[in-house]
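What follows is a short report on a single structure.
The values are calculated or read from the model by the stated rules, or taken from the named source; none is laboratory data. Please read all numbers here as calculations on a predicted model, not as lab measurements. A quick note on method: Cβ atoms are made from the backbone with ideal geometry, for glycine too, and the neighbour counts reach across all protein chains shown. Calculation scope for accessible area: heavy atoms of the full protein, side chains included, ligands and nucleic acids excluded. Shrake-Rupley method; radii C 1.70, N 1.55, O 1.52, S 1.80 Å.
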Amino acid sequence: MKWILFFGALIGSGICDRETFSGHQVFRINVRNGDEISKLNRLVNSDNLKLDLWKSPSAVGHPADVLVPSFSLREVKSFLEDHGLEYLVAVEDLQTVLDNEDQQMQHNVRQELSSNCFNYGAYHTLEAIHNEMDNIVKCYPHLASTVEIGHSFENRSMYVLKFSTGEGRQRPAIWLNAGIHAREWISPATAIWTAKKIACDYGKDQAITSILKKMDIFLLPVANPDGYVYTHTHNRLWRKTRSINPGTTCIGTDPNRNWDSKFGEVGASDNPCSEIYHGAHPNSEMEVKSVADFIKNHGKFKCFIDLHNYGQLVMYPYGYTTEKAQDADELDMVAKNTAKALASLSGTQFRVGPIATGIYRASGNTVDWAYDNGIKYAFTFELRDTGHYAFTLPADQIIPTAQETWLGLKTIMEYVQDNI
Ligand code: BHK
Ligand code: ZN
């Protein structure tokens, strides 16, 4: 009995072979000119230090965030000091942060078991999110249904919620995409909250009711299910898919570099060990291919919004070039209104601009593909925060984040509704 409890506890908490981050720190590094940017790049690219660039310095005045393993701390510090780079330690011990997050999740699992109620203010496993999607369909059968658009590399379901009042007629549609990067947990959490919000507000809130009279909404809360599961079981900071790359032990492709849009060009890596590995060929990732095929076959998508964190940005194409997209002025105007709506709830400030200048250039990304395939209203949000909690945004920020995001999403959807 004791042994059963012991192993049960191990499995329950998933600590069997989980990567730990004891003593690992996050450095915020200030770069003031091109010379300092190249110094930083040299540091980040030295293979033996095993640094993970959480956030690139998007421009002078916007610092870089770098995860530094404990064994590299001394070397990194002396490099920064020798080269006169300004830095501060943003996270003293990453494992402490992860342990807290884990404890909160476990506590919530027990509460949900006794209350039998999905807590939207908590982070969840893939299974719990998929269950809640089924629940929403059960409660709102005339509005919501699920669609399985494919499977992941490890054969998990690409599970989509469809909201439609069209009784089978093919309407113009909106795609809401979340969780393409595994560690960005606020994205699926915001997505599932949004699903519930759409379902609850239909017939009550004028804006969403009228949007759904004209258009269908498809919402994919976890676009990278294997990666998401892996962040729960093995490595909280995993970003990519979990596909096997021949000829190397490095796993995974960056699904936000794998789309068939200037594939393999700027801002993507051909090294399978890189966090921005573009994959063997466009759509090599089944997760990406499922979405691309579904959207192409449907043929009437007018809007695509991809949710990431962190950085607080509302962006639009292009990522693969700094050249202006044909509709850049219109998209910029919509993005500015979106940022205004996002800020209206609790003052959270979002910067607005094209991806290439807002963050950095990145080819093969999701919304460039959408835009170049006729989906004019293509946006990427970088949700909270600006780096204080970064990927480990505390669960008590889920609902405030989702609420403000909802105002931004509605702004775009209403505009689309009026302009198609
Ligand atoms: C977003 C959209 C399109 C291209 C790049 C980005 C920035 C994003 C990335 O793929 O590198 C940064 C990130 O994950 C944090 O959410
Ligand atoms: Zn991301």
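Select from the range 36-76 the residues that are of a type in the set (D, E, K, R), within 14 Å of ligand 1 (Cβ to nearest atom) and in contact with a helix residue (DSSP H, G or I) (Cβ under 7 Å, 6 or more places away or on another chain) and list them in ascending order.
Answer for the range 36-76, where residues must be of a type in the set (D, E, K, R), within 14 Å of ligand 1 (Cβ to nearest atom) and in contact with a helix residue (DSSP H, G or I) (Cβ under 7 Å, 6 or more places away or on another chain): just Asp65.
Mind listing whichever residues of the range 277-288 are open to solvent by less than 50 Å² (accessible area, probe 1.4 Å) and part of a loop (DSSP other than H, G, I, E, B)?
Answer for the range 277-288, where residues must be open to solvent by less than 50 Å² (accessible area, probe 1.4 Å) and part of a loop (DSSP other than H, G, I, E, B): His278, Gly279, Pro282, Asn283, Ser284, Glu285.
Please list, ordered by first then second residue, the pairs with beta carbon atoms under 7 Å, 6 or more apart or interchain, first in the range 298-319 and of a type outside the set (S, T, N, Q) and at pLDDT below 95, second away from ligand 2 (no atom under 14 Å from the Cβ) and part of a strand (DSSP E or B).
Note: no pairs meet the criteria.
Filtering the range 152-207 down to residues that are part of a loop (DSSP other than H, G, I, E, B), touching a helix residue (DSSP H, G or I) at 6+ places or on another chain (Cβ under 6 Å) and within 16 Å of ligand 1 (Cβ to nearest atom), which residue is farthest from His232 (Cα to Cα)?
Gly179
Out of Thr253, Thr209, Thr241, report the one residue that is farther than 23 Å from Glu154 by Cβ, modelled with pLDDT of 95 or more and open to solvent by less than 50 Å² (accessible area, probe 1.4 Å).
It is Thr209.
Might you let me know whether the range 134-143 holds any residue that is within 16 Å of ligand 2 (Cβ to nearest atom) and open to solvent by less than 10 Å² (accessible area, probe 1.4 Å)?
No, there is no match, as no residue in the range 134-143 is within 16 Å of ligand 2 (Cβ to nearest atom) and open to solvent by less than 10 Å² (accessible area, probe 1.4 Å).
Filter the range 58-91 down to residues that are assigned to a strand (DSSP E or B), in contact (Cβ under 8 Å) with a residue 60 or more places away in the chain and open to solvent by 30 Å² or more (accessible area, probe 1.4 Å), then give me how many there are.
Final tally of qualifying residues: 4.
What is the residue count in the range 249-287 for residues that are within 13 Å of ligand 1 (Cβ to nearest atom) and β-branched (Val, Ile, Thr)?
Residues in the range 249-287 being within 13 Å of ligand 1 (Cβ to nearest atom) and β-branched (Val, Ile, Thr): 3 in total.
Quick one: which of Glu75, Glu101, Glu92 is modelled with pLDDT of 95 or more and more than 28 Å from the chain's Cα centre (by Cα)?
Glu75
Any residue in the range 92-105 that is on the phi > 0 side of the Ramachandran plot and either open to solvent by 30 Å² or more (accessible area, probe 1.4 Å) or outside any helix (DSSP H, G or I) (or both)?
no
Given the criteria β-branched (Val, Ile, Thr) and out of contact with any helix residue (DSSP H, G or I) (no Cβ under 9 Å at 6 or more places or on another chain), does Ile29 qualify?
no
Tell me yes or no: at least one residue of the range 187-194 is within 16 Å of ligand 2 (Cβ to nearest atom) and either touching a Phe, Trp or Tyr at 6+ places or on another chain (Cβ under 8 Å) or modelled with pLDDT under 95 (or both).
Checked the range 187-194: at least one residue is within 16 Å of ligand 2 (Cβ to nearest atom) and either touching a Phe, Trp or Tyr at 6+ places or on another chain (Cβ under 8 Å) or modelled with pLDDT under 95 (or both).
Exactly one condition in (1) open to solvent by 20 Å² or more (accessible area, probe 1.4 Å); (2) closer than 17 Å to Ala223 by Cα; (3) of a type in the set (S, T, N, Q) is false for Ser274; which is it?
Single failed check for Ser274: (2).
Starting from the range 32-57, take each residue that is more than 23 Å from Trp238 (Cβ to Cβ) and touching a residue at least 12 places away in the same chain (Cβ under 8 Å) and list its partners that are of a type in the set (Asp, Glu) and not in a helix (DSSP H, G or I), counting only C-beta distances under 8 angstrom and pairs at least six apart or across chains.
Cβ pairs passing all conditions: Arg32/Glu86.
Would you mind telling me which numbered condition in (1) aliphatic (A, V, I, L, M); (2) within 14 Å of ligand 1 (Cβ to nearest atom); (3) open to solvent by less than 20 Å² (accessible area, probe 1.4 Å) Val352 fails?
Every listed condition holds for Val352 apart from (3).
Go over the candidates Ile305, Ile295 one by one and state the one that is more than 16 Å from ligand 2 (Cβ to nearest atom) and surrounded by 19 or more Cβ atoms within 10 Å (Cβ to Cβ).
Answer to the check: Ile295.
Given the criterion modelled with pLDDT of 95 or more, closer than 13 Å to Ile217 by Cβ and open to solvent by less than 60 Å² (accessible area, probe 1.4 Å), identify the matching residue among Ser157, Ser164, Ser152.
Ser164
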